[in-house]
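Below is one structure, written out as structure tokens; comments come after it.
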Amino acid sequence: MTSKTGPESGDELIASAERSVIRALTLNPSDSFLWLMVYSVRTIQYGFDLENLRLLAQSYAMGPYEGWISLRRNRSALAVLSMLSESTKSAVISEFAAMVDTDFIENTALNLRGVGWQYRERLLAALVSVDVVSRQKLYRRLKADGITVSVPGIPFDERPWR
């Protein structure tokens, strides 16, 4: 974007990326990552648009539990959670819980204390069936950041020296 070819080159690169992702999507329409990439590229190129939320929903429909994709997708989806359909909201919340269950603790802690903070009660309530060790890890990670929340099945500890 900072090349010497002119100010339009950044827009041209993004447009080229969009065309490439769409071409790839026509060859593999069931690839959840490609749906996420179209959503991301269009959001970067044109700004937020309610119409593009269907692309994010399609990513969840094609691959609801894909670990490495969830690391990026969950944060993006939590940022627009209130505007998603109920079925997509449920998929986002379930994905968050699955991320905790598979020990993506740093990512889930970041998502919770960042874009997911306003949904923390719903996100934390979804952890009831998550492995207790993973829930403890998340609780301790958040506590280390100075955030005390109620994680299902984890006793609240007010002692700062723990």
Condition first: buried (at least 19 other Cβ atoms within 10 Å of the Cβ) and either closer than 13 Å to residue 73 by Cβ or outside the structural domain of residue 147 (by TED's automatic domain parsing) (or both). Now tell me which residues in the range 95-107 satisfy that. 95, 96, 98, 99, 104
Pull up the range 6-43, narrow it to residues that are surrounded by 11 or more Cβ atoms within 10 Å (Cβ to Cβ) and β-branched (Val, Ile, Thr), then point me to the one that is modelled with the lowest pLDDT. 14
When you go through (1) in a loop (DSSP other than H, G, I, E, B); (2) acidic (Asp, Glu); (3) at pLDDT 95 or above one by one for residue 157, which number turns out not to apply? (3)
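Has the range 70-81 got at least one residue that is under 22 Å from residue 38 (Cβ atoms), among the aliphatic types (A, V, I, L, M) and over 11 Å from the mean Cα position of the chain (by Cα)?
Within the range 70-81, not a single residue is under 22 Å from residue 38 (Cβ atoms), among the aliphatic types (A, V, I, L, M) and over 11 Å from the mean Cα position of the chain (by Cα).
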I want to confirm something. Restricting to the range 108-159 and keeping residues that are free of Cβ contacts under 8 Å to residues at least 24 places away in the same chain and acidic (Asp, Glu), which single residue is nearest to residue 75 (Cα to Cα)? 121
Name the pairs: first residue in the range 26-43 and closer than 13 Å to residue 61 by Cβ, second residue at pLDDT below 95 and of a type in the set (Asp, Glu), Cβ to Cβ under 6 Å, at least 6 apart or on different chains? 32/66
For residue 141, are the conditions met, namely being of a type in the set (Lys, Arg) and either surrounded by fewer than 18 Cβ atoms within 10 Å (Cβ to Cβ) or under 16 Å from the mean Cα position of the chain (by Cα) (or both)? yes
Report whether or not residue 53 is surrounded by fewer than 20 Cβ atoms within 10 Å (Cβ to Cβ), aliphatic (A, V, I, L, M) and in the same structural domain as residue 11 (by TED's automatic domain parsing). yes
Please tell me if residue 73 is of a type in the set (Lys, Arg), at pLDDT 95 or above and crowded, with 20+ Cβ neighbours inside 10 Å. yes
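The values are calculated or read from the model by the stated rules, or taken from the named source; none is laboratory data. Remember, predicted model here, so these are calculated numbers, not experimental data. Ideal geometry is used to build each Cβ from the backbone, glycine not excepted, and the neighbour counts take in all protein chains shown.
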